[in-house]
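One structure is given here, and the rest of the page talks about it.
Please treat every number below as a calculation from the coordinates, not as lab data. Because the structure is a prediction, the values reported are computed rather than measured. As a convention, Cβ positions derive from the backbone with ideal geometry for all residues, glycine included, and neighbour counts pool all protein chains shown.
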Amino acid sequence: MIGFARVKGGAFGMRTVLVGNIKGGCGKTTLATHIAAAFAAQGLVTAIGDCDRQRSSLNWLRRRPATLPAITGLDWSKDVGSPPKGLDRLVIDAPAAMHHKDVEDLIDISEVVVVPVLPGAFDEDATAHFLERLAKVKAVRKNKRVVAVVGNRLRPGTKASDHLDGFFGGLGFPVVARLRDSQVYTAVAAAGSTVIEANDRRSKSYAAEWAPLLALIEGR
């Protein structure tokens with residue numbers, strides 16, 4: 001279990017986004033880095049709190065060019081500490097293996113919970129279990145937290161991808177954004193960048209798919 005400092009959501013006037021799921025390999029770091037990059041591109045002082053032992057978000061930050069908007073990395077792989085003062089946005093990249101208490105504590109310091117899910121029965125089952133745990137958390141149950149399910153690495157037109165909307169909508173957590181599978185994500189990750197920041201036409205077509213999620217996070 002991770003150790004937590006008791007930092008309330010909205011501390012220092014910032015907004016906190018938690019990216020989490022108990023299912024490993026669903027793309028949490030991809031979402032965390034893209035959300036953080038979108039914030040930084042707006043001129044917001046942004047940090048990523050990396051709670052995973054693999055420290056994938058922190059490794060991404062080490063590859064990030066100095067020419068791109070700065071993002072602060074916080075190594076929270078052992079303990080979640082207090083965020084530095086002056087932040088506008090904090091994105092938390094949660095570990096896959098979370099105890100129930102970890103889930104509650106991470107939600108306690110967040111305003112928005114983003115849940116990435118891959119198409120397929122195993123991923124849907126694990127994510128449904130995670131959403132059941134979320135639904136029992138008091139802040140979520142009383143609609144004091146926004147929960148956003150994101151379909152990740154989708155292949156349009158496949159039955160597995162089309163099944164996502166009905167499956168999670170039936171659980172009361174509709175899919176708010178659908179991100180296509182592409183090697184472009186591998187390329188930008190290796191460069192410490194995102195499709196949101198890339199200038200080529202192909203990347204821009206993928207960047208457009210993030211708009212519904214980012215609008216929801218910002219309350220638009």
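For region 131-220, relative contact order (Cα pairs under 8 Å, six or more residues apart, normalised by length) works out to 23 percent. Diffusion coefficient (Stokes-Einstein, Kirkwood radius over C-alpha pairs, 20 °C, 1.002 mPa s) for region 15-218: 126 µm²/s, rounded to a whole number. Taken along the Cα-to-beta-carbon direction at a fixed 7 Å, the label points for residue 41 and residue 160 span 2.8 nm.
Stretched out fully, how many nm does the piece from residue 218 to residue 144 gain, at 0.36 nm a residue minus the Cα gap?
25.2 nm
Entry note, the chain: the mean residue ellipticity at 222 nm calculated from DSSP H runs of n ≥ 4, each adding -39500 (n - 2.57), is -11000 deg cm²/dmol after division by the residues and rounding to the nearest 500. Taking label positions 7 Å along the Cα-Cβ direction at both residue 183 and residue 70, the computed distance is 3.6 nm, reported to one decimal.
Please identify the helices of the chain, taking whole runs of DSSP H, that span at least 15 Å along their own axis as judged from the Cα atoms and have a mean Kyte-Doolittle score of 0.0 or higher.
Working: long enough: 28-41 (20 Å, 0.91); 121-136 (23 Å, -0.37); 159-170 (17 Å, -0.41).
Going by DSSP H runs, the hits are 28-41.
For region 100-220, taking the reciprocal of the average inverse distance between every pair of different Cα atoms yields a Kirkwood hydrodynamic radius of 15.5 Å.
Close amide H pairs (under 5 Å, H built 1.01 Å from N) link residue 149 with 115, 176, residues at least 5 positions away or on another chain. Scalar couplings 3J(HN,Hα) for region 205-211, obtained by applying the Karplus form with A = 6.51, B = -1.76, C = 1.60 to θ = phi - 60°, are 5, 6, 4, 4, 6, 7, 4 Hz; x denotes Gly and Pro. Fully extending the segment from residue 204 to residue 191, taken as 0.36 nm per residue of separation minus the present Cα-Cα distance, adds 3.0 nm.
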